[in-house]
Amino acid sequence: MFHRLTLVVAFAAALVFLVVEPASAAAPHRIISLSPTATESLFAIGAGKQVVAVDDQSDYPKRAPRTSLSGYTPNVEAIAGYHPDLVVLSGNPNDVVSGLRKLGIRVLLQPAARNLSEAYAEISRLGVVTGHTKSANALVRRMKTAIAKSLKSVPKLRLSVYHELDPTYYSATSQTFIGRIYKLFGLRNIADAADSTASGYPQLSGEYILSQNPGLIVLADTRCCGQSAATVANRPGWGGIAAVRNHRVVGIDDSVASRWGPRVVNLVQAVAKALKRRG
């Protein structure tokens, strides 16, 4: 799981200044999404009926036409076989963008968002490109309202957070999209001081986590690795961590915690709910 995450991060880093926008044209009718986040956004803005295929990692919503197409190792011929008039990607491995454009296929490249502003901008852009501008803008407004409401509902707390990507203790710092979500709550991220290579995704040790005594633990490995508040409490020594003692261990669906689309609201709400629990 973590290796896939680093792959996405690497793509995003390489594409910060490369955004291939489709030229002005009629709204597409045969969209392929090779980005799980874009897939969620397309269906959320009402463009689902225009989507003819999505990649093998696009598991939400369930009605999305999932295929064996890969966003990590995309094959131009396989993609072209679906006769798309628009392909949405989050990365450009093997220079797939050039290959698709040579075939006259429109491409929209939307790399991993670094913050909420970029996430909102990508949703709005999808709306423009697919002919759903109003619904996309309405979705962004709803997301902003819901997130603001959740943030306002949380009391001022001086807590630290540990975000777990997998049971080997890979985490995410404040320089990542997920880390910036925690900063909105004013939380101190214990991974920041341990990121000696500035990768954004350091591997911590159990001893380090215990010494930091986080007040909130967010598990982004519930589906892949079966982690839960109960499994965390059973780890040697972890029963005494503040987050465990105060019932502030939050399990988040792996896909929600790793994407920057509409369901980021679910993540914010889950964190807010945990922080409102009395210690």
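Overview of results
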quantity: Residue within segment 119-132 that is touching a strand residue (DSSP E or B) at 6+ places or on another chain (Cβ under 9 Å), within 13 Å of S33 (Cβ to Cβ), of a type in the set (S, T, Y) and not assigned by TED's automatic domain parsing to the domain that holds D254 present; calculated: yes
quantity: Identity of the residue in segment 143-157, free of Cβ contacts under 8 Å to residues at least 24 places away in the same chain and charged (D, E, K, R), that ends up surrounded by the fewest Cβ atoms within 10 Å (Cβ to Cβ); calculated: K152
quantity: Residues (of a type outside the set (V, I, T) and not in a loop (DSSP other than H, G, I, E, B)) located in segment 203-218; calculated: Q203, G206, E207, Y208, L210, S211, Q212, L216
quantity: Evaluation of Q269 against (1) touching a residue at least 60 places away in the same chain (Cβ under 8 Å); (2) closer than 17 Å to Q175 by Cα; (3) surrounded by fewer than 21 Cβ atoms within 10 Å (Cβ to Cβ); (4) not hydrophobic (A, V, I, L, M, F, W, C) (one fails), failing number; calculated: (2)
quantity: Meets criteria (crowded, with 16+ Cβ neighbours inside 10 Å, assigned to a loop (DSSP other than H, G, I, E, B) and not assigned by TED's automatic domain parsing to the domain that holds Y120) for G200; calculated: yes
quantity: Elements of type helices (runs of 4 or more DSSP H) contained in segment 5-108, each with 1 or more residues being closer than 30 Å to S199 by Cβ, at pLDDT 95 or above and not hydrophobic (A, V, I, L, M, F, W, C); calculated: 36-44, 96-102
quantity: In segment 224-245, residue nearest to L89 (Cα to Cα) [restricted to those that are surrounded by fewer than 16 Cβ atoms within 10 Å (Cβ to Cβ) and of a type in the set (S, T, N, Q)]; calculated: S228
quantity: Matching residues in segment 112-131 - criterion: being assigned to a loop (DSSP other than H, G, I, E, B) and buried (at least 23 other Cβ atoms within 10 Å of the Cβ); calculated: A112
quantity: Output for segment 228-266, where each listed residue is within 23 Å of R158 (Cβ to Cβ), part of a loop (DSSP other than H, G, I, E, B) and charged (D, E, K, R); calculated: R248
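The values are calculated or read from the model by the stated rules, or taken from the named source; none is laboratory data. Source: prediction; values computed, not measured. Using ideal geometry, Cβ is built from the backbone for each residue, glycine included, and neighbour counts are taken over all protein chains shown.
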